[in-house]
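Here's the structure we're looking at; comments come further down.
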Amino acid sequence: PITPGELLCLGSSLAFSGLFYYLYRKKARVVARIQEAPKLQVDDDLPALVSAAHGRCLPYVALEGIVLPAKAALTSHYHEGLQGVIQKLLLKEHRLIWNSLARSW
């Protein structure tokens, strides 16, 4: 005989397993799209390609090319001859909604 507590544990275990599998498959599809992203070169044709795209946006694109520093390249203190540049970041904030239950934005 199976007790109601055992049925509850079994049901919740199956529900959580299904939820985590759904999340796993969703993220796996995103990773597959990123891995299949077309590789474009940074050249003079890139602005025309972006402006011709739908919504003037290219989702999941890998850009390849040589970057030049705006002022001076950063040099590593730990590895001689290693240089780098800082990428200019674009931050897009989404509208925040107050969650009164969790008391957070």
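Taking Leu68, is it open to solvent by 80 Å² or more (accessible area, probe 1.4 Å), of a type outside the set (D, E, K, R) and in contact with a Phe, Trp or Tyr (Cβ under 9 Å, 6 or more places away or on another chain)? Before you say what the answer is, go through the steps one by one.
Details: open to solvent by 80 Å² or more (accessible area, probe 1.4 Å): yes; of a type outside the set (D, E, K, R): yes; in contact with a Phe, Trp or Tyr (Cβ under 9 Å, 6 or more places away or on another chain): no.
No.
Condition (residue is without any contact (Cβ under 8 Å) to a residue 60 or more places away in the chain, surrounded by 10 or more Cβ atoms within 10 Å (Cβ to Cβ) and either in a helix (DSSP H, G or I) or of a type in the set (Lys, Arg) (or both)) applied to region 33-44: is it met by at least one residue? Yes, region 33-44 contains a residue that is without any contact (Cβ under 8 Å) to a residue 60 or more places away in the chain, surrounded by 10 or more Cβ atoms within 10 Å (Cβ to Cβ) and either in a helix (DSSP H, G or I) or of a type in the set (Lys, Arg) (or both).
Out of region 1-41, which residues are among the β-branched types (Val, Ile, Thr) and over 21 Å from the mean Cα position of the chain (by Cα)? Let's see the steps before the verdict.
The initial filter retains those residues of region 1-41 that are among the β-branched types (Val, Ile, Thr), namely 2-3, 30-31, 34.
Hits for region 1-41 are Ile2, Thr3.
Number of residues in region 1-59 that are touching a strand residue (DSSP E or B) at 6+ places or on another chain (Cβ under 9 Å) and among the basic types (Lys, Arg): the value is 1. In region 12-29, the count of residues that are part of a loop (DSSP other than H, G, I, E, B) and either touching a Pro at 6+ places or on another chain (Cβ under 9 Å) or not acidic (Asp, Glu) (or both) is zero.
The values are calculated or read from the model by the stated rules, or taken from the named source; none is laboratory data. This is a predicted model, so every value here is computed, not measured. Cβ sites come from the backbone with ideal geometry, for glycine too, and all protein chains shown count toward neighbours. Side chains are part of the model used for accessible areas, which takes the heavy atoms of the whole protein and leaves out ligands, DNA and RNA. Shrake-Rupley method; radii C 1.70, N 1.55, O 1.52, S 1.80 Å.
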